[in-house]
Amino acid sequence: MKKKYNYNKIKSNIISFISDNKLFLLFVFFSMLLGFFLRLANISGRLYFKAFVCDTFMALLIGSFGYIVKPKNRFTYYFIWLFFFTGICIANTVYHGFYQSFISVSLLATSSMIGQVNDSLFAKLHIVQFWYLIFPIIFYLIHKYILKIDYCDELDNGVSKKIFKRLYIVLLCLLICICLTVSSSDGSRFIKLWNRESVVNKYGVYVYTANDLIQSIRPRINTLFGYDEAAYKFREFYACKWKEKKETNEYTNKFKGKNILFIHGESIQTFLINLKINGKEVTPNLNKLAKEGIYFSRFYPQISIGTSSDTEFTLLTGLMPSSSGTVFVNYFNTTYKGMPEYFNNIGYYTFSTHANNREYWNREIMHKNLGYKDFFAKESYIIPEDEDDSEYIGLGLSDKSFFKQFIPLYKNIKENNSPFFGTVITLSNHSPFNDVNKYGEFDVTMDYKYKDKYGNTINDKANYLEGTTMGNYLKSAHYADEALGQLFNDLKKNNLLDNTIIVFYGDHEARIGKSDFDILYNYDPVEDTTIDKDDEEYFDVYGYQYDLLKNTPLIIWSNDEEFDLEVNSTMGMYDVLPTIANMFGFTEKYSLGNDIFSNHEKIVVFPNGNVLTDKIYYSDLNDEYIAFDSTPIDTDYINNLKEYANNILEVSNGIVVYDLIKRESDRIGECTRE
């Protein structure tokens, strides 16, 4: 009888709580749904139950304060928070569609850049990304039309305070459950925020946002927390790195004393090399360079949210991008040792040039910090004011006009400042690739043959990539390649190629969606669709192959010597500085990579914790890997790679955040590791 009484009492209390707290429970329920659908829409792989618990925790925490708000204002309180959560989900969904990561509070410092790339962002906008708005709308309608009674008045202040206190017992229990299920590696990812997808997937978007807010203000208090540990790791890492015996190889000092010109190819990816559409090469000039020069076909950028600026930073310093914000904007006062400075030290004149605003990505300050003596920006070129002008493409001056105007500048530099080190930053191939009428003629349709029902062979044409993002990108890349060919012709015509090494690199991926790659590789012209996944010729771009397609070309070329060499070892952007240092005969001290021609194992660490070697590709998000051949992979090999990546990221972040090159270099002692 007593058990039945207790059961009825519990049941009555639950029904009473639900009846008296409809708004609170609806707020919690809709908040959880928002977080769930955000993860479902943006994160591939399995979803974690822990994220539901974390979303519940945050919704209960925020919702509990509704009980200390006056009853008449309680709906407004919940509605504002629910609308805020909706805004978080919309912003992150739009951002993820462009950057494949989640938005950070520290991005507010780079908001000045958004105006110049808004076309790229708008091109990624779809009405479906705003469907989250349905939740606050339903919440409002339920409040207005279904909850007729003034339920808020039913809870006096005494009852509200009692519920408020009891909720904190529930919150404490949830917090204990969350903490007990956090592994050391998960905790490291949570604090360092290298892999934002992993944090959102395991802890929910609300906990991620709160954590990101805390991490974003950390640079302002970095002298109070974490310095000693970061300094110790910095000293230990470089003590052991400097202890290693310096190797020599066939490329040591090979280009010593020669001029060097880097060409920064905006959004040029490796899959373009030797790609033909209807038998016509997309990038014939790049193909020629790759054939004649030293072509690194498995070269990977290591960018975070700073995109092109991250590429410049990593290429020039051999360090990794920041885990919070961007180095060029948030950490421009830190001391770095860049490639231009090293060339300055051996008597070179150094310069950079870009036909965009010198303030964009804070280049004016950072290029000086990295060692460039001169930066020739927008004011050095004649740029049409009318965006409809044929010489205005995408974000500004077309590459063809840029290169044409660059020739006299370059000629003057070579005549008066030899030897020299220079960087030329292109612009036209920047997304969203919508100036198709200015790219010239490049057909992205497909000619094909088929037999009709009478057995006759019919010639036909399919739309193929016409009207797609991929099609527009190929047209843009073909234009950029034509501009590059024009540049080389003009350099040759003006005798500006002698005694000069040209280094061409693609700065980062073009952010083309998986569905576009699916069309590129799996198109069936007869059915005007993609072939079935079971077809033996199907190329799967939806797995890790999509990540592996993000590599960009790196080509070292000389007019004085034909190399005809393809290097297919895995290589990262942080390997460029030590490779160039070996070739040009100077010593660099702080890069995290290695000379690609050395005997070191080839390992590329990405800012999100993923790792690529010649053997495997490891995904930090899913904590799994794929092997490139049938050779067995030892568990210790994977664990060592994870530890190596963690160390690289920690050392680099310590340099960036705590200015360790300036503050700790003199304290580097002996290596204590065997």
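The values are calculated or read from the model by the stated rules, or taken from the named source; none is laboratory data. This is a predicted model, so every value here is computed, not measured. Note that each Cβ is placed from the backbone with ideal geometry, even for glycine, and that neighbours are counted across all protein chains shown.
Among the residues making up the stretch 271-327, those that are part of a loop (DSSP other than H, G, I, E, B), within 20 Å of S558 (Cα to Cα) and of a type in the set (G, A, S) are G293, S297.
Of the residues making up the stretch 211-228, those that are modelled with pLDDT of 70 or more, outside any loop (DSSP other than H, G, I, E, B) and closer than 17 Å to S323 by Cα number 7. Residues that are of a type in the set (D, E, K, R), part of a helix (DSSP H, G or I), modelled with pLDDT under 90 and within 30 Å of F98 (Cβ to Cβ) within the stretch 43-74 comprise just one, K50. Screening D560 with (1) in a strand (DSSP E or B); (2) over 26 Å from G306 (Cβ atoms) gives one miss only, at (1).
Hey, can you tell me all the residues within the stretch 598-616 that are under 30 Å from T252 (Cβ atoms) and not in a strand (DSSP E or B)? Correct list: S598, N599, H600, E601, K602, F606, D614, K615.
Condition test on S390, is it hydroxyl-bearing (S, T, Y) and either out of contact with any helix residue (DSSP H, G or I) (no Cβ under 7 Å at 6 or more places or on another chain) or surrounded by fewer than 20 Cβ atoms within 10 Å (Cβ to Cβ) (or both)?
Details: hydroxyl-bearing (S, T, Y): yes; either out of contact with any helix residue (DSSP H, G or I) (no Cβ under 7 Å at 6 or more places or on another chain) or surrounded by fewer than 20 Cβ atoms within 10 Å (Cβ to Cβ) (or both): yes.
Yes, satisfied.
Filtering K400, K404, K373, K451 for residues that are in contact (Cβ under 8 Å) with a residue 12 or more places away in the chain and over 21 Å from E482 (Cα atoms) leaves a single hit, K373. Here I393 clears all of (1) hydrophobic (A, V, I, L, M, F, W, C); (2) modelled with pLDDT under 95; (3) within 30 Å of D212 (Cβ to Cβ) except the condition numbered (3).
Are any of the residues in the stretch 617-638 part of a loop (DSSP other than H, G, I, E, B) and closer than 21 Å to D507 by Cα? No, the stretch 617-638 has no match at all.
Which fully enclosed strands (runs of 3 or more DSSP E) of the stretch 343-445 have 2 or more residues being within 26 Å of the chain's Cα centre (by Cα) and closer than 30 Å to F586 by Cα? Spell out how you get there, then give the answer.
Details: elements: 349-354, 374-376, 420-425.
Answer list for the stretch 343-445: 349-354, 420-425.
The single residue among L40, L26 that is assigned by TED's automatic domain parsing to the domain that holds V200, at pLDDT 65 or above and surrounded by fewer than 11 Cβ atoms within 10 Å (Cβ to Cβ) turns out to be L40.
Would a scan of the stretch 456-470 turn up a residue that is assigned to a helix (DSSP H, G or I), buried (at least 16 other Cβ atoms within 10 Å of the Cβ) and in contact (Cβ under 8 Å) with a residue 60 or more places away in the chain? Checked the stretch 456-470: at least one residue is assigned to a helix (DSSP H, G or I), buried (at least 16 other Cβ atoms within 10 Å of the Cβ) and in contact (Cβ under 8 Å) with a residue 60 or more places away in the chain.
Scanning the stretch 256-274 for residues being crowded, with 20+ Cβ neighbours inside 10 Å and over 27 Å from the mean Cα position of the chain (by Cα) gives a total of 2.
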